[in-house]
Amino acid sequence: MPNSAQSNLHPFVARLCRRSKLTTAEQERILTLPERVKQVATNHDFVESGEILDHACYVVEGLVGRFDQNARGERQITALHIAGDMPDLHSVVQPTATSALQAMSTSTILQIPHAALRGLAAAHPAIAEAFWRDCMVDSMVLAQWVVNVGRRDAQARLAHLLCEMACRYKATPVEGVVAFELPMSQWQMAECAGLTPVHVNRTLKQLQKIGTSFRNRRVRIEDWSALTRVGEFDRGYLQDDLRPEERIRIVN
């Protein structure tokens, strides 16, 4: 059994505990889950649509995109996953992948056996509840992405995406400026926003007028309030800033 102190799953436990109440013993059980490490090169698919899985994937390092394609091979990225995320936790109960996962930057992935996750959830109902709640948050993010590509213009789409990623990366202002690494290309950003790369380039130039730039895979936001207004961004759907008393534990 892995040593909990050396486990790669500490950020995942922290993610769960931002929304759910777990005892120290329950947290330790998650940290000792068996794991297989996989290094994935940039632009490589490590889960294919329709693949039958016997494990869930956890992002240790890098940026991962969930995507689907139409009959012409045009791709739409439907979610981004960063270190600490388990993009396909839902595969524990639905092992056939309904969309693909690709490393958008060089990534380190852990493969955690479904059998171990199912056994842990069966033995610890509060952990099962926390897993369920984590999947619920992913569905809330997906709902916002649907609104983004369906009902917002190009500036609002990119502004909303950059605000979301700033929050998820926990980028904090330094002398009024929010800056963080976003290891993706403008082409990949276009696939997130349902735009052409040319349109993304033009729109990023427009966002520079309110102090937001994206160069060399680094985001710089000089006026956070202006960007949130353009993107119609309200971080509540991320459920990442709950006070301790707001965290939930339904089971005893």
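Remarks
- Any pair with Cβ under 7 angstrom, 6 or more apart, that starts in region 23-44 at a residue that is assigned to a strand (DSSP E or B) and ends at one that is among the aromatic types (Phe, Trp, Tyr): LYS38/PHE46; VAL40/PHE46
- Search result, residues across region 54-96 that are part of a strand (DSSP E or B), in contact (Cβ under 8 Å) with a residue 60 or more places away in the chain and either out of contact with any His (no Cβ under 9 Å at 6 or more places or on another chain) or under 21 Å from ARG36 (Cβ atoms) (or both): ALA56, PHE67, ARG75, GLN76, ILE77, THR78, ALA79, LEU80
- Summed over region 209-236, residues that are surrounded by fewer than 16 Cβ atoms within 10 Å (Cβ to Cβ) and assigned to a helix (DSSP H, G or I) total 5.
- Restricting region 142-188 to residues that are assigned to a loop (DSSP other than H, G, I, E, B) and among the hydrophobic types (A, V, I, L, M, F, W, C) leaves a set whose member that is surrounded by the fewest Cβ atoms within 10 Å (Cβ to Cβ) is ALA171.
- Qualifying residue in region 239-250 (condition: within 29 Å of ASP134 (Cα to Cα), touching a residue at least 60 places away in the same chain (Cβ under 8 Å) and part of a strand (DSSP E or B)): yes
This table checks each residue for (1) in the same structural domain as LEU142 (by TED's automatic domain parsing); (2) surrounded by 15 or more Cβ atoms within 10 Å (Cβ to Cβ); (3) within 21 Å of MET184 (Cβ to Cβ).
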position	(1), (2), (3)
LEU33	yes, yes, no
LYS38	yes, yes, yes
HIS55	yes, yes, no
GLY62	yes, yes, yes
ASP68	yes, no, yes
THR78	yes, yes, yes
ASP88	yes, yes, yes
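A quick yes/no check of all residues on (1) over 30 Å from ASN148 (Cβ atoms); (2) at pLDDT 95 or above:
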{"position": "ALA25", "(1), (2)": "yes, yes"}
{"position": "THR32", "(1), (2)": "yes, yes"}
{"position": "GLN39", "(1), (2)": "yes, yes"}
{"position": "VAL47", "(1), (2)": "no, yes"}
{"position": "GLY50", "(1), (2)": "no, yes"}
{"position": "LEU53", "(1), (2)": "no, yes"}
{"position": "GLU74", "(1), (2)": "no, no"}
{"position": "SER105", "(1), (2)": "no, yes"}
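- Test: residue in region 128-135 that is closer than 17 Å to ILE82 by Cβ and in contact with a helix residue (DSSP H, G or I) (Cβ under 9 Å, 6 or more places away or on another chain): yes
The values are calculated or read from the model by the stated rules, or taken from the named source; none is laboratory data. Since the structure is predicted, the reported quantities are computational estimates derived from the model, not experimental observations. Ideal geometry is used to build each Cβ from the backbone, glycine not excepted, and the neighbour counts take in all protein chains shown.
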